[in-house]
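I have placed the structure first, in the form of structure tokens, so that the comments after it can refer back to it.
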Amino acid sequence: MPDTTRLQFQDELAGLERQALGGLDFVCEALDRAIEVVQHQDVELAAMVIADDDRIDGRYLEVHQGILSLLALQAPVAGDLRLVAALLHVIKHVERMGDQCVNMAKLVPLAGHEPPADEQMLAMIARMGELARSLVQQCKLAFERRDAALAQDLVRQDDEIDTLNRQCFHRALEIGDDPDQREWAMHMMLVARCLERIGDNAVDIGEQTAFVVTGLFREFEDASHPELAPGGGS
Amino acid sequence: MSDQVTERSERDTDAVPAARPDVPLTQGIAVAHHESTGTDPWAGDKVFEIDGLSVAYGGKTAVKDVGLDIFRNEVTAMIGPSGCGKSTLLRCLNRMNDLVPSAEVTGTALYHGQDLYGPDVDPVEVRKRIGMVFQKPNPFPKSIYDNIAFGPRVLGVKGDMDEIVERALRRGALWDEVKDRLKDNAYGMSGGQQQRLCIARCLAVDPDVILMDEPCSALDPISTGKIEDLMQELKERYSIVIVTHNMQQAARVSDKTAFLIVELDSTEKNRWGQLVEYDQTEKIFTNPADERTEAYVTGKVG
């Protein structure tokens, strides 16, 4: 296309996208630390994860304000409008993922001092952490590349997280009669739930990618209508 | 005058129906008004059916091979860069190009199924039913009253002229502002009022379609807002086609939008206007099908 105009607007929009997606890098850092907190019952690191969430919250406020200004001053339309609308969703999901990392960090001190950890459950949570991290990175890449197929592929990994989440639940149910271990297992079940939610948020960002690319919004997976999902749902 | 005018508490809606689609363009008689129904945006009554329409001035093509349908009780916007032929196309819709000796129109332009350019069609009758409002307000150097009464008088309209004037001014959302100074010269009005007077003057002859060629480009934002509000009221009775450079205005007021571009031949010496995309306005401004439309509405092409 010749003679591109509105350069300042295009720069501002691209900057907002970088800021919003950069929030996902913060999420990856927080997630890595939160997993380490869980694996090593590291209470001090937990406090750092909680404190560092201010960075993600600050990023949310910056992007949100930037989008409001852009809407008010530049009146974006068509593909630009879809991108702006999608970024509003993206930054909200970033903020929620950050909160889930905080939730995980807060659960560890509650699980007790030197608790009787269950290796099998810890291994499942570690695997869920890897998958969640991979999903966060992949949703960022898909959005950056405007790659709807890569975005759709997020569902595959998210299904694995969902399966592990259910397995954690069952493991907690059959963990035995020791009250301390049962209490620990209940808290780990909540940690697994946090990771499962991060996966869902990544898939939601994938849906926004598809919306930006195609102009049509549809859920990759509809929990209330699993029969409508591609392949009949899981 | 004021003694004869019947005060109405609200805008009249029971006056003579505006549209007269099934009456030949060789005569002028009002017929019953009926509204389009249904949710399919392309299923309404068609006011214009344009197909393969081209316009040339002095043998030089200005608009080439345009095809689109314009629907009743809708606002249809035409947007595009300067020189894309949107005003030329608009002027084809009420045969204003007839006034340009070198203009040549080819293709089909049906108005309620009748050939606008048919041999028996009376251009005066066409322009009576398909009125036009121009970029710059152009009231006559006469009183407000006489501006409105001018058309009906020329056309020999029978009836209470005071009532006709009041009805037109009410429909033009101007009555309350001017009812106490109808004998004042129209030149004493503000630009926005003058433009609404021109719209009211157009309405006085009870048209079916109103063509607007950048009607707000000379107006301030308040006056522009009033005209845009007025368009929403008027489309209940009339069909409106608007040419605008203001894309946000097209987005705000129109139901459907046509996007035209300037095409160049390989020598880059000959240029003409061409229709790129015609769709519901919401689609054009959220998810246009053609990348040239996307580039234009997002301002990525200068």
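The values are calculated or read from the model by the stated rules, or taken from the named source; none is laboratory data. The structure presented is a predicted model; accordingly, all values stated were derived computationally and were not measured. Note that we place each Cβ from the backbone using ideal geometry, even for glycine, and neighbour counts take in every protein chain shown. The area values use the complete protein model at the heavy-atom level, side chains included, leaving out ligands, DNA and RNA. Shrake-Rupley method; radii C 1.70, N 1.55, O 1.52, S 1.80 Å.
Worth a mention:
- Springs between Cα atoms under 10 Å define the GNM used for chain A, and in it the highest mean-square fluctuation of A:123, A:75, A:105 occurs at A:75.
- Each Cα pair under 8 Å and six or more residues apart adds its sequence gap; the mean of these over the residue count of chain B is a relative contact order of 24 percent.
- Taking each DSSP H run with n ≥ 4 as -39500 (n - 2.57) and averaging over every residue of chain A yields -28500 deg cm²/dmol at 222 nm.
- When nucleic acids and ligands are ignored and a 1.4 Å probe is applied, residue B:179 ends up with an accessible area of around 80 Å².
- The string of couplings for segment B:67-79 from the Karplus curve (6.51, -1.76, 1.60, θ = phi - 60°) is x, 6, 10, 10, 9, 6, 6, 10, 9, 10, 9, 10, 10 Hz, one whole number per residue in order, with x for Gly and Pro.
- For the set B:259, B:134, A:169, the ranking by accessible area, highest first and with no ligand, DNA or RNA atoms included, is A:169, B:134, B:259 under a 1.4 Å probe.
- Take each residue in A:80-91, count the other chain C-beta atoms within 10 Å of its C-beta, and the mean is 1.
- Derived from the Cα gyration tensor, the three semi-axes of the equivalent ellipsoid of segment B:2-297 are 32, 21, 19 Å, largest first.
- Here the Gaussian network model covers chain B, with springs between Cα atoms less than 10 Å apart; of B:99, B:110, B:219, B:99 fluctuates the most.
- Charge dipole (debye, nearest 20) of segment B:2-297; +1 at Cβ of Lys and Arg, -1 at Cβ of Asp and Glu: 840 debye
- Volume per residue of the convex hull around the Cα atoms, evaluated for the protein assembly as shown, comes out as 200 Å³.
- Filter on B:179/B:226; B:235/B:283; B:128/B:158; B:226/B:256; B:86/B:158; B:136/B:283 - keep pairs with C-alpha separation over 26 Å: B:86/B:158; B:136/B:283
- Shielding value for A:173-185 is 0, the average number of Cβ atoms from other chains within 10 Å of each residue's Cβ.
- Furthest towards positive pole of dipole, B:42, B:293, B:168, structure part segment B:2-297, Cβ charges: B:168
- Protein accessible area in segment B:2-297, 1.4 Å probe - carbon and sulfur %: 47 percent
- Relative contact order (%) - criterion: Cα under 8 Å, at least six apart; region: segment B:227-278: 27 percent
- Listed residues B:54, B:102, B:217, most fluctuating in chain B (Gaussian network, C-alpha, under 10 Å): B:102
- Taking the Cα centre of segment A:100-234 as reference, the dipole from Cβ charges on Lys and Arg (+1) and Asp and Glu (-1) amounts to some 460 debye.
- Listed by chain and number, the lysines whose C-alpha is less than 20 Å from the C-alpha of residue A:140, apart from same-chain residues fewer than 8 away, are A:92.
- Relative contact order (%) - chain A, alpha-carbon pairs under 8 angstrom, separation at least six: 24 percent
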